[in-house]
1. Exposure proxy check: Ile181, Ile24 ranked by fewest other beta carbons within 10 Å?
2. What percent do you get for the relative contact order of region 278-338 when only Cα pairs under 8 Å and 6+ apart count?
3. Please compare each pair in Lys354/Lys375; Lys12/Lys164; Lys315/Lys440; Lys93/Lys354 to a cut-off of 30 Å on the Cα-Cα distance and tell me which ones are over it.
4. Given only helices, namely DSSP H runs of n ≥ 4 each adding -39500 (n - 2.57), what is the per-residue ellipticity at 222 nm of the chain, to the nearest 500 deg cm²/dmol?
5. Filter the chymotrypsin sites (Phe, Trp or Tyr not before Pro) in region 55-117 down to the DSSP loop ones having no more than 13 other Cβ atoms within 10 Å, then list what survives.
6. Gain in length, Asn190 to Leu247, computed as 0.36 nm per residue apart minus the alpha-carbon separation, to one decimal in nm?
7. At a Förster radius of 45 Å, what calculated FRET efficiency corresponds to the Cβ-Cβ distance of Thr40 and Glu276, to the nearest 0.05?
8. With only alpha-carbon atoms counted, please give the Rg and Dmax of region 470-518, in Å.
Amino acid sequence: MTYQNSIEQFRKTIASNGASWNAIDAESAARMAVQNRFPTGLDIAKYTAKIMRQDMEAYDNDPANYTQSLGTWHGFIAQQKLISIKKHFGSTKRRYLYLSGWMVAALRSEFGPLPDQSMHEKTSVPALIEELYTFLKQADARELGGMFRDLDAARERGDEVEAKRIEQAVDNYETHVVPIIADIDAGFGNAEATYLLAKKMIEAGACALQIENQVSDEKQCGHQDGKVTVPHEDFLQKIRAIRYAFLEMGVEDGIIVARTDSLGAGLTKQIAYSTEPGDLGDQYNAFLDCDEVDPANITNGQVFISRDGKLLAPKRLPSNLYQFRAGTGEDRCVLDCITALQNGADLLWIETEKPHVEQIAGMVDRVREVIPNAKLVYNNSPSFNWTLNFRQQVYDAWAEAGKDVSGFDRAKLMSVDYDNTELAAEADEKIRTFQADAAKRAGIFHHLITLPTYHTAALSTDNLAREYFGEQAMLGYVKNVQRQEIRQGIACVKHQNMAGSDIGDDHKEYFAGEAALKAGGKDNTMNQFAAA
């Protein structure tokens, strides 16, 4: 519906309700409706699911069309990202947000900072999704409000051409609302608990949910030790639960991201149920580290399984966990990926211990032998030392090619002493092209960084504290923060406007007319930034 059509529809509604509605202005109502395009989270989930499905199809046609996101832990941070994206690139196309369970645990739990072990309140996840979209919708309202002010100014000076141009810009306005891939951890309980939480997350606006194959109550960060996986059927029950949640909520094209932590997980809590050789349970159990049983040496508490006519005892730890055979991680990952896609997942996530295109591609090639259009979401994790990893990759490639590497210590390649070397420059170029290279070679549809704003907040705060509390004092803030905001056109330099003051003034005028007491008068110090 166009802006003018919306005004006309409101005129008819107001007129049909008689004289008591005469004080309601149709154009003001239309503006408020345009500024709130998404009344509910479900409206957002349905809208963004379609975007993500279209992007997945575009990637299938050309891997150069990969997508990206940055993890976020607060609505304001999400808002500033999207404002920045629109400012620098003119469009939000193929750019999403990632909601990291790690950052919810570390920054949003009422218990205080927690490790990524599913100990935080699960309700904080849908609450954060709602918060993120509240801030993104406010970014729309703020930007559109400025356009409406420009429209009024054009009309006041009689510039009909400019007024019509602005109306067309309103009709073609690109929202800040983008898809969120939201982390549901291992489901925070059984399949029913997963289903209930998934519904809340979808209701808040999530079109894509990422779930991992770890044991819920033993869950660990994917880049730490001690990870425990579940048999495939347990994981598939949770995938089905999420699909039922999407269907129940009317988001039929919702996206499920199935994450496998098997590459770094050497433990399982359960022996899988199996009824015949070669079934999924038997395939899972085949990876267990077992000893053949000597009937003369059976000990108390041993557990046995039969395989190929032999009685075997899986190695059981004092923690009551069973261990997998060393070196089976990649095989387990491939089986996890294939079975997840065959049972309702849309995208894969393989958690790795380093960013290495060929390592990822080796597993994806095997998955694609069974499912040709398999696609990944990949964690470009801050848990990796990217500089060291890629310098070592270049070092190894040079050594293999017979190039002289005697001037480098492989174990100390992170050293600043190497920063200006040819090796460092080549490594940096590989980091720069990693996402494009991995999208083309390793089937990665979506690249994300889980914890970027956790680290940028710490770094920028450290820099400010060093300057402000040191000899630079107030100049430390003015020179390095405010002046840079002005020079770089950072919208929140006008922080009153960013917080919604001008939106509030517009509403006061709608509600009170000439009696409105507005904040944006001549004495508002934000006027000092008009030229900015």
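Computed from the coordinates by the stated procedures, all read-outs in this text should not be read as laboratory data. This one's a predicted model, so the numbers in the text were calculated from it and none came from an experiment. Backbone-built Cβ (ideal geometry, glycine too); neighbour counts: all protein chains shown.
1. Ile24, Ile181
2. 35
3. Lys315/Lys440
4. -15000 deg cm²/dmol
5. Phe111
6. 18.6 nm
7. Working from the Cβ atoms, E equals 0.40.
8. Rg, Dmax (Cα atoms, Å): 16.4, 51.
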